[in-house]
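In what follows, a single structure is set out as structure tokens and then discussed.
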Amino acid sequence: MQLLRGAKRDLLLVCIAVVSLQFAFLGVTSHFYNLHGSSLEARVGSQDASQYIALAHSMLQGTFGSGTTLEEFRTPGYPAFAALVLVISGGTFFSLVLAQIIIAAGIALLGYILARSLNIGRAVSTCIAVLAGASPAMLLATMGAMGVDMLYTLLTLAALVLIFRLERAPRAVALGMGLLLGAAVLVRPIGLYASLPVLFAIPLFIPAALAKRLAAFALACAVFAAAIVPWMWHNYSVAGRFSLSSVATYNIVYYNLPYFLVNKYGTSVDDERAKLLQPLTSTPTDELRNFKYAGALRSIASDTLKKEGFVSYGVFHVERMDSFFLSSSVNVLNAVLTAGISDSVSTSLKPFILAERGGWALLFLLAFASPFLARGRERIFLSLAVVLIFANAFLTSPVSQPRYRLPVEALVFTAAFYCASAIAERLRRQQPLKRVDMTLR
């Protein structure tokens with residue numbers, strides 16, 4: 001924590017900036033919603049958020065899911081958080097938004113600590129922190145529809161910050177990391193796969209004998225498993241499936257394959273989805289989220305991939321990762337500020353979309369180059385960051401959108417600024433040498 005000495009003003013500035021930007025966006029959004037005869041409450045009731053809120057209320061009533069398919073489709077992490085907030089606040093809508101603004105500030109502070117742990121300067125670290133806590137995706141998440149992504153980001157980022165403390169207290173830190181990553185999985189099941197690179201990186205950050213490294217790694221894995229296995233056992237006892245959630249199988253048939261077939265044949269998503277689900281036509285869509293139909297959905301997916309070609313789908317899946325790297329938040333912001341009335345992007349917004357995509361392209365290129373300009377544990381961490389970025393891109397393809405970048409945005413900003421700072425430093429050191437050479441000539 002030596003790097004954080006004297007940084008209280010920076011941390012305070014980060015908090016003030018992030019909270020101010022969050023409330024400013026909240027006010028602007030509320031104003032536009034009122035102009036269109038809608039409300040922010042309607043946004044929280046949209047998309048996936050309504051399911052999480054319903055589960056939170058069912059928790060307060062003592063029955064998670066109330067016997068619905070949501071119990072098997074969603075993990076309990078975010079509903080538990082939302083239920084706690086509702087209990088503390090008395091059930092008001094804005095209490096959840098306020099809690100998520102606090103999470104945004106927490107993510108920003110963790111972004112600052114992470115940047116300073118990589119020996120990035122205080123001013124640049126402050127910029128990274130503000131970007132991490134008030135990026136377009138984070139501002140949109142605070143409105144409620146993507147609060148689950150914010151909580152997941154907070155937990156995974158906290159685990160990554162702890163990785164730099166493994167040298168001092170390997171066992172205690174490994175225990176904390178395992179607990180945080182396990183909690184993140186209970187918020188978003190995708191964390192089961194995204195957490196693996198972090199767990200396997202633990203021994204690389206411990207400068208001790210191999211036995212001590214493996215002991216810390218084993219402890220982290222044991223705590224990680226202890227956090228998620230009870231929920232998997234719950235699903236086994238309720239639905240006969242030792243799994244975190246039924247969401248993966250459902251998403252493959254309902255989203256991934258229809259988009260793949262549209263790309264291949266030029267049809268519509270709705271048509272291809274209807275063809276895929278034809279054997280289950282009599283089953284309500286909500287019921288398909290149940291583990292009861294996981295086997296049937298898996299068979300549909302397997303038969304389709306055998307027919308169309310596994311390699312063909314694999315190429316499509318990788319190609320569509322570009323939307324993770326280059327998708328724009330401008331059109332999403334446009335839809336939000338028009339209360340969902342206008343999903344089309346006007347010509348006047350296209351330059352902003354192009355500029356944002358160009359900015360992301362530059363940030364990702366700098367981030368990917370950062371390990372080559374680092375040494376020691378900084379190189380190890382930046383390499384881990386690149387692995388996590390690609391892992392999230394792969395796991396969310398082919399339906400990636402700006403919200404899916406949220407868990408790795410702080411890593412992208414940190415790695416990109418690290419690379420830019422390293423390049424600037426090298427150029428600064430070389431400049432006097434060039435002047436001397438010219439003098440000698």
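Matching residues to (1) modelled with pLDDT under 80; (2) open to solvent by 30 Å² or more (accessible area, probe 1.4 Å); (3) closer than 20 Å to residue 94 by Cβ:
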| residue | (1), (2), (3) |
| --- | --- |
| 36 | yes, yes, yes |
| 40 | yes, no, yes |
| 65 | yes, no, no |
| 68 | yes, yes, no |
| 77 | no, no, no |
Restricted to the range 242-293 and to residues being in contact (Cβ under 8 Å) with a residue 24 or more places away in the chain and acidic (Asp, Glu), the residue farthest from residue 400 (Cα to Cα) is 287
For residue 97, the lone unmet condition from (1) in contact (Cβ under 8 Å) with a residue 40 or more places away in the chain; (2) open to solvent by 10 Å² or more (accessible area, probe 1.4 Å) is (2)
- Message: Any residue that is out of contact with any helix residue (DSSP H, G or I) (no Cβ under 7 Å at 6 or more places or on another chain) and within 28 Å of residue 320 (Cα to Cα) - is there at least one of those in the range 222-233?
- Response: no
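Among the residues of the range 42-54, how many are among the hydrophobic types (A, V, I, L, M, F, W, C) and modelled with pLDDT of 65 or more? Talk me through it step by step, then tell me what you get.
Residues of the range 42-54 among the hydrophobic types (A, V, I, L, M, F, W, C): 42, 44, 49, 53-54.
Then drop every residue that is not modelled with pLDDT of 65 or more, which leaves 49, 53-54.
Looking only at that region, the number is 3.
Within the range 279-291, identify whether any single residue is at pLDDT below 95 and within 19 Å of residue 188 (Cβ to Cβ), and answer yes or no. Walk me through it before giving the result.
At the first step, the residues of the range 279-291 found to be at pLDDT below 95 are 279-291.
Within this subset, residues satisfying the condition of being within 19 Å of residue 188 (Cβ to Cβ) are 289, 291.
Yes, the range 279-291 contains a residue that is at pLDDT below 95 and within 19 Å of residue 188 (Cβ to Cβ).
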Expected output for the range 178-202 (first residue without any contact (Cβ under 8 Å) to a residue 40 or more places away in the chain and under 18 Å from residue 400 (Cβ atoms), partner buried (at least 23 other Cβ atoms within 10 Å of the Cβ) and polar (S, T, N, Q), Cβ below 7 Å, 6+ apart or cross-chain) is 191/156
Out of (1) in contact with a Ser or Thr (Cβ under 8 Å, 6 or more places away or on another chain); (2) closer than 30 Å to residue 173 by Cα; (3) not β-branched (Val, Ile, Thr), the one residue 218 does not meet is (1)
Scanning the range 392-407 residue by residue, those over 18 Å from residue 136 (Cβ atoms) and surrounded by fewer than 18 Cβ atoms within 10 Å (Cβ to Cβ) turn out to be 394, 395, 399
inquiry  = Take the conditions part of a helix (DSSP H, G or I), open to solvent by 90 Å² or more (accessible area, probe 1.4 Å) and of a type outside the set (A, V, I, L, M, F, W, C) and apply them to residue 256. Does it pass?
reply    = no
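The values are calculated or read from the model by the stated rules, or taken from the named source; none is laboratory data. Keep in mind it's a predicted model, so treat the numbers as computed, not measured. We place every Cβ from the backbone using ideal geometry, glycine too, and count neighbours over all the protein chains shown. Just the protein is used for accessible areas: all its heavy atoms, side chains included, with ligands, DNA and RNA removed. Shrake-Rupley method; radii C 1.70, N 1.55, O 1.52, S 1.80 Å.
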